[in-house]
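Below: one structure, written as structure tokens.
We did not get these values from a lab; they are worked out from the coordinates using the rules stated. What you are looking at is a predicted structure, and each value in this text was computed from that prediction instead of being measured. Reconstructed Cβ throughout: ideal geometry from the backbone, glycine too, with neighbour counts over all protein chains shown.
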Amino acid sequence: MSKPIKKKVFGLMAEYETPKGIFHACEKVRDAGYQKWDSYTPFPVHNLDKAMGLPPSILGWIVFICGMTGASCGMLLQWWTSTIEYPVIIAAKPYFSYQAFVPVTFELGVLLASFGAVFGMLGLNRLPQWYHSCFNSERFARVTDDKFFICIEASDPKYDPERTRKLLESTGAAHIEEVED
């Protein structure tokens, strides 16, 4: 006779009907001190990141650094080739005539900034993510249509099944369920 398999709990998921409902619920969860939780919405909700207490994204800095690296490398490459490696005087202009180098410098800056934006976003969002425990909930499929969800992970230091459920109930959740890992 085999032992029954004990199911590992990922966390508690609460469902909300409106953007206003999830916004205020995020504020309450943030104020309660939870750290490992996330909200899921079918469309962007204005200032939800502030309601969750998320710090500003560093993606802008990644894009800026990549763009400046691209522009610097473009200018450096053109300077090196025209003044050091292959110096040719054309139309009595100096070896380093920066006006001619602006298009390539600009384009390389834009190219590397674009790469920084795409790959930085993928890396910061930990994408692609082929599986998430929230997919185990049948109700979670509505997140792409018209429902809003908050999931507090069981690995959070403040997680207690009873107190966490009471907190989510106090936020006005339409439905609360335990999500398996």
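Do any GluC sites (Glu not before Pro) in segment 71-157 lie in a loop, going by DSSP, with at most 10 other beta-carbon atoms within 10 Å of their beta carbon, and if so which?
Hits after loop and neighbour filter: Glu138.
Using the 10 angstrom Cβ neighbour count as an exposure proxy, how do Leu108, Leu54 rank, fewest first?
Least crowded to most crowded, the residues run Leu54, Leu108.
Which of rounded, prolate, oblate describes the chain, given a ≥ b ≥ c as roots of the alpha-carbon gyration tensor eigenvalues and a/c under 1.5 marking rounded, otherwise prolate only if a/b is larger than b/c?
Prolate shape, in that a/c is at least 1.5 and a/b is the bigger ratio.
Grab the Cα-Cα distance for Arg126 and Ile58, subtract it from 0.36 nm times how many residues apart they are, and report the gain in nm with one decimal.
That pair, Arg126 and Ile58, stretches by 23.1 nm at full extension.
Which whole-Hz couplings ³J(HN,Hα) result when phi for each residue of segment 22-31 is put into the Karplus expression 6.51 cos²θ - 1.76 cosθ + 1.60, θ = phi - 60°, listed in order with x for Gly and Pro?
For segment 22-31, the Karplus-derived couplings read 6, 4, 5, 5, 4, 4, 5, 5, 4, 5 Hz, x marking Gly and Pro.
Based on the Cα gyration tensor of segment 54-99, what are the three equivalent ellipsoid semi-axes, each the root of five times an eigenvalue, rounded to whole Å and given largest first?
Equivalent ellipsoid semi-axes, largest first: 36, 9, 4 Å.
Please order Ser82, Ser170 by the number of other Cβ within 10 Å, starting at the fewest.
Sorted ascending by nearby Cβ count, the order is Ser170, Ser82.
Under a GNM of the chain (C-alpha, springs under 10 Å), which listed residue has the highest mean-square fluctuation: Leu12, Leu48, Leu76?
Highest fluctuation of the listed residues: Leu76.
Need the C-alpha centroid separation for segment 60-82 versus segment 18-36, integer Å.
42
Which value in nm describes the separation of the simple spin-label points at Ile84 and Val104, placed 7 Å from the Cα toward the beta carbon?
1.4
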